[in-house]
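Visitor: Dropping the structure in here first, questions after.
Quick note: the coordinates plus some simple rules give every number you see, no bench work behind them. Fair warning: this is a prediction, and the values are worked out from it, not measured in the lab. Here the Cβ positions follow ideal geometry from the backbone for every residue, glycine too, while neighbour counts run over all protein chains shown.
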Amino acid sequence: MRVKQGELLGGASHGVLACVALKRPVREEFTYGVPHAMAENLQVGMRVAVHFSGRREVGIVTALPQSTDVPASRLKNISAVLDEGPVLDEDLMELTRWMGHYYGCSWGEALAAVLPAALKREGGRRQVVRLSPAEGIGQEELASLEDKHVGQYRVLRTLLNASGPLERNELVRKLNISTSPIQTLLKKEWIVAERIDAVTEALSGAPAENRPPPECLMPQQVAAIGAISKPLEAKEFETFLLRGVTGSGKTEVYLEVIKKCLELGRGAIVLVPEIALTPQTVGWFRGRFGQVAVLHSRMTDAQRHDAWKAVRKGEVRVVVGARSALFAPMPDLGVVVVDEEHEPSFKQGSTPRYHGRDLAVVRAKRANAVCILGSATPSLESWLNAKNGRYTLLEMYERAQGGALPSVEVIDLNSVKVNGPFSDPLALAIRETIQRGEQVILFQNRRGFAPVLWCAQCKAVVKCDQCDSSMVFHRKLQRIVCHGCCAERRPPKQCPTCKAPGLRFLGEGSEQVEQAVKSLCPDARVARMDSDSMNSQEDYERVLGQFGAGEVDILVGTQMIAKGLDFPGVTLVGIVSADSSLHLADFRASERTFQLLCQVAGRAGRGELPGRILVQTHAPEHPAIVHAATHDYRAFVEYELPLRDELDYPPYGRIILVVLEDEDEALVEKTANHLGEVLEHHLADDEVQILGPAPAPIALLRNRHRRNFLLKTGPSSELLDKTRNLLQSFVERHHRPRITVDVDPVSML
Ligand code: ADP
Ligand code: ZN
């Protein structure tokens with residue numbers, strides 16, 4: 001039976017009531033009446049349809065209270081009950097409530113991040129777009145859009161380059177556009193839309209990769225597995241920080257622990273960074289355990305929903321996935337693994353801004369499970385937790401397959417001959433490696449051809465019209481592109497400032513590295529992997545497959561290639577520039593640089609042959625580089641921790657980043673000043689440090705002016721609560737400018 005909107009209960013005190021969480025940025029749940037016919041089976045954790053502000057929405061029942069303050073005359077009834085039983089168990093309900101509280105969003109917003117999209121609506125559809133099958137949509141049409149209709153131009157260009165249809169939502173997200181260019185192209189019939197049930201899904205079908213258990217485990221692996229098994233068998237919560245150098249066999253530890261966990265009848269969740277979620281990784285788990293559910297952002301809603309259901313029914317006991325796999329509704333959870341726990345990508349960049357690693361610990365605790373955080377270069381947060389005894393530290397220093405860690409040579413770019421992206425020593429090493437028939441990885445963490453276009457006359461740099469950032473030249477496209485907002489146009493022939501002709505390029509992006517290495521080794525087969533050259537998961541897998549099979553000699557890439565790849569034929573890794581991450585306006589710049597260098601270096605020498613790493617830098621003395629070169633994590637930590645301590649930065653104190661942004665600069669400034677006063681007024685007596693308001697590091701983005709605050713609340717959780725509550729009430733009172741509150745941010749930009 002459906003009940004019409006507004007139909008009233010006889011009286012709130014006799015009727016059944018339900019608190020419903022909706023995906024609204026308001027920190028409360030909403031109370032509804034429950035018609036008798038629906039009341040019988042209603043439980044916490046079930047989905048219901050309700051009317052809210054004139055719209056029908058799906059919400060989750062969070063409580064079934066006895067009474068309410070809402071007067072009976074204003075109490076609306078729920079419209080329908082959508083499930084037979086709860087979609088979320090008690091643990092996940094509790095976890096999402098905690099998430100909403102800690103990260104400062106509503107319970108409904110937290111729930112929305114947890115549920116598969118198919119469960120958030122009453123119906124669901126998936127759409128792909130492809131080039132019109134009609135003849136002749138091609139370069140001419142493309143050229144006609146180039147200057148006036150950039151959005152349509154980019155959609156058409158992407159589809160012309162793609163091997164097949166692309167998901168509509170994915171395209172909108174990737175190109176950072178509104179849907180209107182797609183609609184216009186559909187109207188013109190240059191592209192067509194289709195609804196399809198399922199696409200071939202490379203990861204879901206990843207073949208089991210036979211990685212048989214090693215004949216014998218290394219002593220350090222045995223010790224780690226033994227230590228983790230104890231609380232696992234006793235059903236006790238404990239968090240382990242497994243620090244093992246690259247190649248020390250951490251994956252084998254996870255696999256053995258999960259095997260034990262399954263034998264005990266309990267389930268396991270493994271989180272890996274999205275970028276490391278390759279068929280290779282998934283294959284290892286499939287090879288060992290057979291049925292493995294994979295959850296990641298490229299899945300269709302239907303696939304995700306199927307996987308979710310299988311997990312909930314207990315049909316699949318191992319889940320591998322990116323950040324959101326943490327919310328897999330696994331009954332009787334025994335182990336949560338977070339591999340590469342230091343990765344910033346475990347933090348979600350939009351509401352709810354949760355950190356997958358930190359939530360993994362919370363989830364494991366609720367489930368009396370063990371949590372394993374693994375990394376060669378742990379975050380300083382986890383390291384300090386281990387030092388303080390909150391986590392148990394397990395270390396593995398040796399590579400499982402023997403072989404020393406590759407030697408790292410730092411090349412001081414200030415004192416060698418440099419030709420384009422390569423110094424003489426790097427160029428020589430590349431040529432020699434190719435001549436020996438071995439493989440090379442070249443890492444350059446900037447995409448495009450030249451990051452800066454500048455005028456030799458007036459020294460001006462060509463900037464984006466809407467952002468405070470320089471335009472990057474992309475050679476194949478013959479366009480300049482803003483990496484902040486994706487705006488693009490033809491490169492100007494003359495300086496926009498002084499009109500002098502002949503702008504110059506500065507710096508080398510991955511596209512230029514690819515070109516330079518092709519001229520250096522004309523016979524080598526070169527592939528490039530960055531978000532420009534990779535249109536889909538299929539592209540990514542094809543290139544990795546070719547590299548693994550030895551059909552590609554040199555792989556050039558951005559951080560897409562830094563993670564989790566295991567190619568025994570690689571004996572040289574060249575880091576074209578270690579400097580770009582070193583100069584970010586972020587207190588974690590050194591940590592990131594150190595981690596990235598160690599990661600990339602770990603890609604070499606994984607086979608029989610020794611590996612060599614060459615790092616080019618203008619800052620050869622910088623501790624992040626010096627300690628990465630000697631693979632000395634502890635030395636780096638000892639250098640970095642006191643600096644953080646002195647300034648009350650994490651891991652010693654907690655921070656909250658607040659960003660205000662709007663097109664109206666005066667409004668941003670006024671509101672920021674007002675917020676500053678409010679904060680001063682309420683927090684002045686406490687030990688909260690208020691830095692700001694100040695222009696954000698990217699002070700203009702997509703025409704929005706940005707000001708920020710950095711609040712250091714120290715280690716106390718009461719102060720964190722107080723500060724966050726203050727911020728939230730302020731945010732609820734201001735619709736403009738947009739204000740985002742990020743608790744424990746991982747990026748200051
Ligand atoms: P990590 O994740 O620590 O970088 P992996 O788990 O990928 O390391 O292991 C590196 C390599 O060593 C893999 O090829 C793996 O099969 C192998 N390996 C792991 N443990 C052993 C062992 N006990 N004996 C021999 N080889 C091992
Ligand atoms: Zn821009």
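Visitor: Tell me the label-point distance for the pair residue 409, residue 665, using the 7 Å Cα-to-Cβ offset, in nm and rounded to one decimal.
Guide: 5.0 nm
Visitor: Neighbour counts of other C-beta atoms within 10 Å: give me 90, 538 arranged from fewest to most.
Guide: Going from sparsest to densest Cβ surroundings: 90, 538.
Visitor: Sort 473, 237 so the one with the fewest other Cβ atoms within 10 Å of its own Cβ comes first.
Guide: With the sparsest Cβ surroundings first, the list reads 237, 473.
Visitor: Now for a separate question. List the relative contact order of region 681-749 as a percent without decimals, with contacts defined as Cα pairs under 8 Å and 6+ residues apart.
Guide: Taking the mean separation of contacting Cα pairs over the length of region 681-749, I get 28 percent.
Visitor: Can you tell me the orientation of helix 665-683 relative to the chain, as the angle in degrees between its alpha-carbon axis and the longest Cα principal axis, to the nearest 10?
Guide: Rounded to the nearest ten degrees, it is 70.
Visitor: Within the set of other residues whose C-beta is less than 12 Å from the C-beta of residue 663, count the net charge using Lys and Arg as +1 and Asp and Glu as -1.
Guide: Every neighbour counted, the sum reads +1.
Visitor: While we're here: Show the residues, 5+ positions off or on another chain, whose built amide H is closer than 5 Å to the amide H of residue 80.
Guide: Under 5 Å from the amide H of residue 80: 49.
Visitor: Residues in region 442-486 near a label at residue 498, defined as backbone nitrogen under 16 Å from the 7 Å Cα→Cβ point?
Guide: Within reach of a label on residue 498, which here means backbone N under 16 Å from a point 7 Å along Cα→Cβ, region 442-486 contributes 453-463.
Visitor: Classify region 205-328 from the C-alpha gyration tensor, please: rounded if a/c falls under 1.5, else prolate or oblate depending on whether a/b exceeds b/c.
Guide: Cα axes put region 205-328 in the prolate bin.
Visitor: Continuing with the same structure: Pull up all non-local amide H partners of residue 400: gap of 5 or more, or a different chain, and H-to-H distance under 5 Å with H placed in the peptide plane.
Guide: Correct list: 248, 249.
Visitor: Then there is this: Taking the Cβ of residue 147 as the center, what net charge do the other residues with Cβ under 9 Å away carry, scoring Lys and Arg +1 and Asp and Glu -1?
Guide: That sum, taken over residues with Cβ under 9 Å, equals +2.
Visitor: Related question: Determine the sum of side-chain charges near residue 732: Lys and Arg each +1, Asp and Glu each -1, restricted to other residues whose C-beta is under 12 angstrom from that of residue 732.
Guide: Overall, the nearby charge balance is +2.
Visitor: Here's another thing I want to ask about it. Of the listed peptides 743-749, 47-53, what is their order by residue-averaged count of other C-beta atoms within 10 Å, with the highest listed first?
Guide: Highest mean packing first, the order is 743-749, 47-53.
Visitor: Would you list 358, 664, 586 from fewest to most Cβ contacts within 10 Å?
Guide: 664, 586, 358
Visitor: So, R0 is 25 Å and r is the distance between the beta-carbons of residue 641 and residue 684; what FRET efficiency does that work out to, to 0.05?
Guide: Approximately 0.30, to the nearest 0.05.
Visitor: I've got another one for you. Using only helices, what value at 222 nm comes out for the chain when you add -39,500 (n - 2.57) per DSSP H run of length 4 or more and divide by the total residues, to the nearest 500 deg cm²/dmol?
Guide: -10000 deg cm²/dmol
Visitor: Given H placed on each backbone N at 1.01 Å, which residues far from residue 87 in sequence or on other chains put an amide H within less than 5 Å of it?
Guide: 46, 47
Visitor: Let a ≥ b ≥ c be the square roots of the eigenvalues of the Cα gyration tensor of region 541-606; is it rounded (a/c under 1.5), or, if not, prolate (a/b larger than b/c) or oblate?
Guide: Note, shape of region 541-606 comes out prolate.
Visitor: Right, next: Counting only Cα atoms, I'd like the Rg/Rh figure for region 78-167, Kirkwood definition for Rh.
Guide: Taking Rh as the inverse mean 1/r over Cα pairs, Rg/Rh reads 1.25.
Visitor: A further question on this structure: So which cysteines in the chain don't have a second cysteine's C-beta under 4.7 Å from them?
Guide: 19, 105, 216, 261, 371, 485, 486, 521, 598
Visitor: Can you run phi through the Karplus equation (6.51, -1.76, 1.60; θ = phi - 60°) for region 237-246 and list ³J(HN,Hα) in whole Hz, with x for Gly and Pro?
Guide: Rounded to whole hertz, the list is 6, 7, 10, 10, 9, 9, 9, x, 4, 4.
Visitor: While we're looking at this one, here's another question. How big is region 306-394 by the Kirkwood estimate over distinct Cα pairs, in Å?
Guide: This gives a value of 13.8 Å.
Visitor: Starting from 0.36 nm per residue, how many nanometres of slack lie between residue 148 and residue 194 once their C-alpha separation is accounted for?
Guide: This chain segment gains 13.8 nm when fully extended.
Visitor: Go through region 609-616 residue by residue and turn each phi into a ³J(HN,Hα) via Karplus (6.51, -1.76, 1.60, θ = phi - 60°); whole Hz please, and just put x for glycine and proline.
Guide: Per residue, the Karplus-derived 3J(HN,Hα) values read 7, x, x, 9, 10, 10, 10, 9 Hz.
Visitor: Just need the relative contact order of region 219-396 here, percent rounded to a whole number, with Cα pairs under 8 Å and 6+ apart.
Guide: Worked out over region 219-396, it gives 35 percent.
Visitor: Something else: Would you mind checking the tilt of helix 301-312 against the longest principal axis of the Cα atoms of the chain, expressed as 0 to 90 degrees and rounded to 10?
Guide: Helix 301-312 sits roughly 70 degrees off the main axis of the chain.
Visitor: Another question, then. Which of the listed residues, 32, 327, 569, is farthest toward the dipole's positive end in the chain, when Lys, Arg count +1 and Asp, Glu count -1 at the beta-carbon?
Guide: Result: 32, furthest along the dipole toward the positive end.
Visitor: Within region 273-381, which GluC sites (Glu not before Pro) sit in a loop by DSSP and count at most 15 neighbouring Cβ atoms inside 10 Å?
Guide: Passing sites in region 273-381 are 315.
Visitor: Taking only the alpha carbons of region 655-743, what extent do you get along each of the three principal axes, in Å, biggest first?
Guide: For region 655-743, the Cα extents along the three principal axes come out at 37, 25, 17 Å.
Visitor: Please report how far the C-alpha centroid of region 260-329 lies from that of region 64-105, rounded to the nearest whole angstrom.
Guide: Their Cα centres are 28 Å away from one another.
Visitor: Need the C-alpha centroid separation for region 160-181 versus region 617-642, integer Å.
Guide: Between the Cα centre of region 160-181 and that of region 617-642, the gap is 41 Å.
Visitor: Same structure, new question: Only four residue types carry charge here, +1 at the Cβ of Lys and Arg and -1 at the Cβ of Asp and Glu. Report the dipole size of region 3-119 about the Cα centre in Debye, rounded to the nearest 20.
Guide: About 560 debye.
Visitor: Using DSSP to call loops (not H, G, I, E or B), can you name the trypsin sites (Lys or Arg not before Pro) in region 305-374 whose Cβ has at most 15 other Cβ atoms within 10 angstrom?
Guide: Filter output for region 305-374: 313.
Visitor: For the chain, what's the relative contact order in percent, using C-alpha pairs closer than 8 Å and at least 6 residues apart?
Guide: 10 percent
Visitor: Can you tell me the convex hull volume per residue for the chain, based on C-alpha atoms, in Å³ to the nearest whole number?
Guide: 183 Å³
Visitor: While we're here: For residue 250, list the lysines whose Cα falls under 21 Å from its own Cα; do not include residues on the same chain fewer than 8 positions away.
Guide: The reachable lysines, counting only those whose Cα sits under 21 Å from residue 250, are 230, 259, 260, 387, 563.
Visitor: Specify the angular offset, from 0 to 90 degrees and rounded to the nearest 10, of the alpha carbon long axis of helix 589-601 from the longest principal axis of the alpha carbons in the chain.
Guide: 70 degrees
Visitor: Please identify the trypsin sites (Lys or Arg not before Pro) of region 458-520 that satisfy two criteria: DSSP loop assignment and at most 14 other Cβ atoms within 10 Å. Which are they?
Guide: 459, 476, 493, 499
Visitor: Given the options 509, 305, 605, identify the residue whose Cα lies farthest towards the positive end of the charge dipole of the chain (+1 on Cβ of Lys, Arg; -1 on Cβ of Asp, Glu).
Guide: Value computed over the given set: 305.
Visitor: So for the chain, taking the charge dipole from beta-carbon charges (+1 Lys/Arg, -1 Asp/Glu), which of 710, 375, 110 sits furthest toward the positive end?
Guide: 110
Visitor: Quick one: putting +1 on the C-beta of Lys and Arg, -1 on the C-beta of Asp and Glu, what dipole do you get for the chain around its Cα centre, in Debye to the nearest 20?
Guide: 1720 debye
Visitor: Sticking with this one: Provide the per-residue ³J(HN,Hα) series for region 37-46, in order, calculated from phi with Karplus coefficients 6.51, -1.76, 1.60 and θ = phi - 60°, each as a whole number of Hz, with x at glycine and proline positions.
Guide: Those phi angles translate into 4, 9, 6, 4, 9, 5, 9, 4, x, 9 Hz.
Visitor: Compute the FRET efficiency between residue 716 and residue 236 as 1/(1 + (r/R0)^6), taking r as their Cβ-Cβ distance and R0 = 25 Å, and round to the nearest 0.05.
Guide: 0.35
Visitor: What's the center-to-center distance, using Cα atoms, between region 378-396 and region 689-715 in Å?
Guide: With region 378-396 and region 689-715 each reduced to a Cα centre, they are spaced 30 Å.
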